[in-house]
1. Pop out the ³J(HN,Hα) list for the stretch 19-28 in order, Karplus 6.51 cos²θ - 1.76 cosθ + 1.60 with θ = phi - 60°, rounded to Hz; leave Gly and Pro as x.
2. Quick one: if you stick a label point 7 Å off each Cα along the C-beta vector at residue 175 and residue 132, how many nm between them?
3. How much length is gained on full extension from residue 302 to residue 146, taking 0.36 nm per residue of separation minus their Cα-Cα distance?
4. At what distance in angstrom do the alpha carbon centres of the stretch 70-91 and the stretch 34-56 lie from each other?
5. For the pair residue 224 and residue 271, what calculated FRET efficiency results from E = 1/(1 + (r/R0)^6), where r is the Cβ-Cβ distance and R0 = 35 Å, to the nearest 0.05?
6. Quick one: what are the phi-derived ³J(HN,Hα) couplings along the stretch 49-64, Karplus 6.51/-1.76/1.60 with θ = phi - 60°, whole Hz, x for glycine and proline?
7. For the residue pair residue 98 and residue 252, what label-to-label distance in nm results when each label sits 7 Å from Cα along the Cα-to-beta-carbon direction?
8. What share of Cα pairs, in percent, lie more than 10 angstrom apart in the stretch 56-97?
Amino acid sequence: MTGPGGGQTHLPADYCGRILAGEYSDALKETLRRHIAACQAFDAIGLPIMPYISAWEIDTSAIWYEFVSRRFLALFASAPENLGREFNRAILDRRVYKHENVYPDVRELVLERREIDDQRHHIRQESIQKGATEAVYKVLLPDSSVRWLKDWASVETFAPDGICLSPGYLADVSMEMDRKDQVDELNIVVNRDKDLLVEAERHAALGQISAQVYHEIRNPILSIGGLAKRLSEQFPADRPQTYMAVIVKEVERLEKILHNLFRFTAAVELARAPVQPEELMKRVIGLFRSDLDKCGIRVTLTFAEDLPELMIDQEQIHEALVHILKNSIEAMPEGGNLEIGLGVENGNVAFRIRDSGAGISIAHASRVTEPFFTTKVYGSGLGLSLAGKAVQLHGGELQINMLESGGTEAVILLPANSRA
């Protein structure tokens with residue numbers, strides 16, 4: 001090949017690029033030759049790294065390789081001209097680790113495959129500005145094995161040529177990342193178990209208190225309520241009777257609060273039986289038909305075909321759905337839309353209940369399932385707590401979400417194969 005001045009241009013062994021054979025500046029070509037020589041030396045030594053040199057035209061996303069380690073090519077079973085495409089196709093996620101202000105805190109930033117495609121231009125521009133890039137890629141290789149590859153590269157910009165040159169190396173850090181993930185999983189389990197222990201101790205203490213309160217207060221309340229009812233029957237329809245009616249009503253409310261408190265803290269043994277999710281939901285909706293019509297609330301029920309049968313304590317889940325629908329109806333006193341959808345999500349039967357009410361404030365969103373928390377004038381604040389407990393006893397999850405369009409979404413997830 002003819003070089004400047006009519007001389008012969010000799011290309012390095014294993015060269016696979018286009019710059020040395022193209023119309024580019026001597027500065028770019030000389031820099032590239034030095035990098036290639038360094039990469040070949042690394043390859044010859046047999047160090048456990050895979051050197052490469054990539055390049056791209058400024059303001060474009062497509063890259064090509066000027067040099068690639070033979071082990072890099074073998075790992076992806078690819079020819080040099082196809083390696084860029086094969087590597088991008090193999091990426092499962094990209095992770096960047098940034099040190100926080102206080103050592104040794106490190107923040108992990110993870111981009112999934114779709115997010116990488118969306119942010120590719122931003123990532124490329126950031127590497128040009130910093131003059132370097134460092135990340136860990138999780139990749140799926142042609143043999144279906146998963147590897148973790150740490151990528152480190154510098155970035156040099158040759159503005160007259162419109163080219164960015166990026167010499168770097170890949171190192172297999174699969175063992176280290178697998179251990180890290182194991183530690184992360186253990187930390188999740190430890191934190192979960194710690195939270196469960198605290199919750200169990202809190203419930204045990206609350207249970208002891210509620211049992212005492214229930215038995216100490218229930219009898220006097222029943223006596224007051226019974227006597228007020230007898231007196232109201234004997235007096236004529238005047239003001240004293242009105243007062244006694246209020247007493248009866250308030251006593252009944254206290255009895256209900258005590259009953260719910262005792263149920264919340266009491267140990268429950270589930271009586272599981274096969275139930276069709278859509279039939280259970282229809283029965284719950286039927287209980288509120290008059291309230292729905294009275295408030296002018298339109299109900300839409302949709303469910304997937306062939307929903308799996310649930311093995312659940314029907315009374316417990318029925319009551320959980322009752323509490324949730326009651327909350328949704330109370331959130332729409334002037335009417336609105338109640339959308340209920342049933343489907344299968346990640347091995348769970350999902351009950352999604354959306355209302356078009358005022359929604360939940362950000363300050364209250366994390367507290368709605370706490371016992372005794374309520375924003376209503378009348379209410380014990382135990383409804384959603386009881387619902388959450390019933391769902392958790394079945395190995396499920398209750399989620400309360402704020403909707404961007406306004407309103408609230410309650411989601412019950414129950415394992416489809418729950419037969420314990």
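1. Listing the rounded values in order: 5, 5, 9, x, 8, 10, 5, 4, 4, 5 Hz.
2. 2.6 nm
3. So the chain would gain 52.2 nm between residue 302 and residue 146.
4. Cα centres, the stretch 70-91 to the stretch 34-56: 16 Å.
5. 0.50
6. Listing the rounded values in order: 10, 10, x, 7, 9, 9, 8, 7, 7, 4, 6, 10, 9, 6, 10, 9 Hz.
7. Label-label distance for residue 98 and residue 252, simple model: 5.9 nm.
8. Taking all Cα-Cα pairs of the stretch 56-97, the fraction more than 10 Å apart is 76 percent.
No lab work stands behind these numbers, since they all come straight from the coordinates. This is a predicted model, so every value here is computed, not measured. Note that we place each Cβ from the backbone using ideal geometry, even for glycine, and neighbour counts take in every protein chain shown.
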